[in-house]
Structure formats: C-alpha cells, structure tokens
Amino acid sequence: MEAARSLLAEHPEREPSTRELYQAAGVAPPTLYHHFGTKGGLLEAVVDEAFSTYLERKRGVPLTGDLLVDFAAGWDMHIGFGVENPVLYALMYRREEGRHSRAAQTAEAELRRALEQLAGAGLLRIGVDEAMAVTTAMAIGCVTQLAHDGGSAAGPLARSMRAALMSELTGHSPEHDDANRASRLLLARLG
C-alpha cells in the first residue's frame with residue numbers, strides 16, 4: 001500500500017501499472033494478488049484509506065450551526081480532496097462490476113445525511129434523491145475539470161459551481177458563500 005501511495009503521489013495524473021506497483025513494493029506479482037486479488041483491489045484499499053483520513057479531518061471541523069454554510073464548506077472540502085487526489089478521486093467514483101467503491105458509498109451516505117438535514121429544515125427545494133444526483137454529478141464534473149485545467153479548489157470555477165449548486169438545491173442566491181459570514185458564525189459558535 002505504501003508503494004501505491006508513493007506512486008500515486010509521484011504521478012497524480014495517472015494510475016500506476018501493476019508492474020510499477022509490485023516493483024516499487026519490492027515484491028513478486030503473486031504477493032500483490034495474494035493480498036489484494038487484483039491491482040484494482042490494492043488501489044481500492046488505498047482509496048478507502050485516503051478517504052477515511054479525509055473524512056476524519058472533515059468531521060473534525062466544527063460546524064457553524066448554519067446548515068447552508070456547513071453544506072457549502074463540506075462541498076469545498078470534497079472538491080479540495082478531489083483536486084489534491086485526482087487519480088484516487090477518479091478511482092473512487094469508477095464503477096467496477098456494477099458497484100461503487102466503499103469510499104464512494106461512504107461519501108454518498110454522508111451526502112445523503114447532509115441533504116436530509118437541509119430537507120428537514122425546509123431548505124431543500126428538490127427531493128433528496130434528485131439533490132444527491134445533482135450534487136454528485138456537479139462534484140465529479142467540477143473535480144474532473146479542475147484536474148484537467150490544473151485549477152484550484154478555491155478558484156473561480158469551484159466557487160461558481162458551488163454557487164450554482166446551492167442555488168439549484170435551495171433556490172436561494174448563494175449569500176452563504178461569504179467566507180466572512182462563515183467565519184463569524186464559526187467564531188460565534190466557538191465563543
């Protein structure tokens with residue numbers, strides 16, 4: 001797994017080959033297959049580990065108490081993870097044998113929970129299932145475009161995509177995109 005993490009960090013723009021993986025690990029090909037079944041199994045384990053680490057960090061961020069600000073901040077963190085880990089992100093959302101990776105399933109469960117909170121507060125103007133599809137499609141599209149262009153998760157494209165998503169989900173202008181407002185809410189909650 002360490003060899004796979006290193007190769008992905010060295011070449012974040014592409015998936016390493018099976019040969020590169022077992023050579024970097026200093027093992028024979030049967031060792032990789034014995035422990036992970038396939039190269040895909042190894043890469044899925046790396047994705048799961050990276051996404052679990054990201055989720056721990058995300059869950060450690062204090063909430064502001066404003067569901068819209070917190071949802072937008074979650075979007076920002078998700079896009080940031082994808083931009084920082086483009087190959088892992090692509091692997092995470094790739095369907096193999098008709099199923100999502102465990103990391104994608106976890107991301108979907110977290111997203112559903114956040115959208116259900118918005119719906120429960122009367123802030124969601126579309127159904128949760130449609131909001132799931134729209135949010136996931138926009139996130140994957142945003143990360144893919146940013147990775148393609150070398151863009152930033154805090155840049156204008158990411159901010160525009162977030163504003164469009166928030167408008168579609170809530171029907172409100174994205175007044176909650178104001179970073180100063182989010183900071184004030186967070187400081188008020190901490191104080």
**Message:** Heavy atoms of the protein only, probe of 1.4 Å, neighbouring chains included. What is the accessible area of Arg159 in Å², nearest 10?
**Reply:** 120
**Item:** Computed accessible area, Val134, all protein chains, 1.4 angstrom probe, square angstrom
**Value:** 30
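Could you work out the longest stretch of the chain that avoids the GluC sites (Glu not before Pro) located in DSSP loops with at most 13 other Cβ atoms within 10 Å? Could you put the intermediate results ahead of the total?
Numbers: sites that count: Glu13, Glu97.
The longest uninterrupted stretch comes out as 98-191.
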**Fill in**
Heavy-atom accessible area with a 1.4 angstrom probe orders Ile126, Ile79, Ile140, most exposed first, as Ile140, Ile126, Ile79
**Request:** Could you order His11, His148, His35, His78 so the one with the most accessible surface comes first? Probe is 1.4 Å.
**Result:** His148, His35, His11, His78
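Going by a ≥ b ≥ c, the root eigenvalues of the Cα gyration tensor, does segment 130-175 fall in the rounded group (a/c under 1.5), the prolate group (a/b larger than b/c) or the oblate group? List each step's numbers first, then the result.
Numbers: a/c = 4.07, a/b = 1.46, b/c = 2.79.
Judged from the Cα gyration tensor, segment 130-175 comes out oblate (a/c at least 1.5, b/c at or above a/b).
At 0.36 nm per residue, minus the direct Cα-Cα distance, what do Met132 and Ala45 gain on full extension? Give it in nm, one decimal, please. Intermediate results must be reported in sequence, preceding the final value.
Details: separation 87, 0.36 × 87 = 31.32 nm, distance 2.48 nm.
Full-extension gain reported as 28.8 nm.
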**Message:** Quick test of the membrane-span-like rule: which DSSP H helices of the chain reach at least 24 Å along their long axis (C-alpha atoms) with mean Kyte hydropathy at least -1.0?
**Reply:** 39-59, 67-84, 102-120, 128-149
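Ranked by accessible surface with a 1.4 Å probe, highest first, in what order do Val69, Val27 come? Before the final figure, lay out the partial values.
Numbers: Val69 5, Val27 55 Å².
Accessible-area ranking of Val69, Val27, largest first: Val27, Val69.
The values are calculated or read from the model by the stated rules, or taken from the named source; none is laboratory data. Predicted, not measured: the structure shown is a model, and the values here were computed from it. Here the Cβ is made from the backbone with ideal geometry for all residues, glycine too, and neighbour counts use every protein chain on show. Side chains included, ligands, DNA and RNA excluded: accessible areas come from the protein's heavy atoms. Shrake-Rupley method; radii C 1.70, N 1.55, O 1.52, S 1.80 Å.
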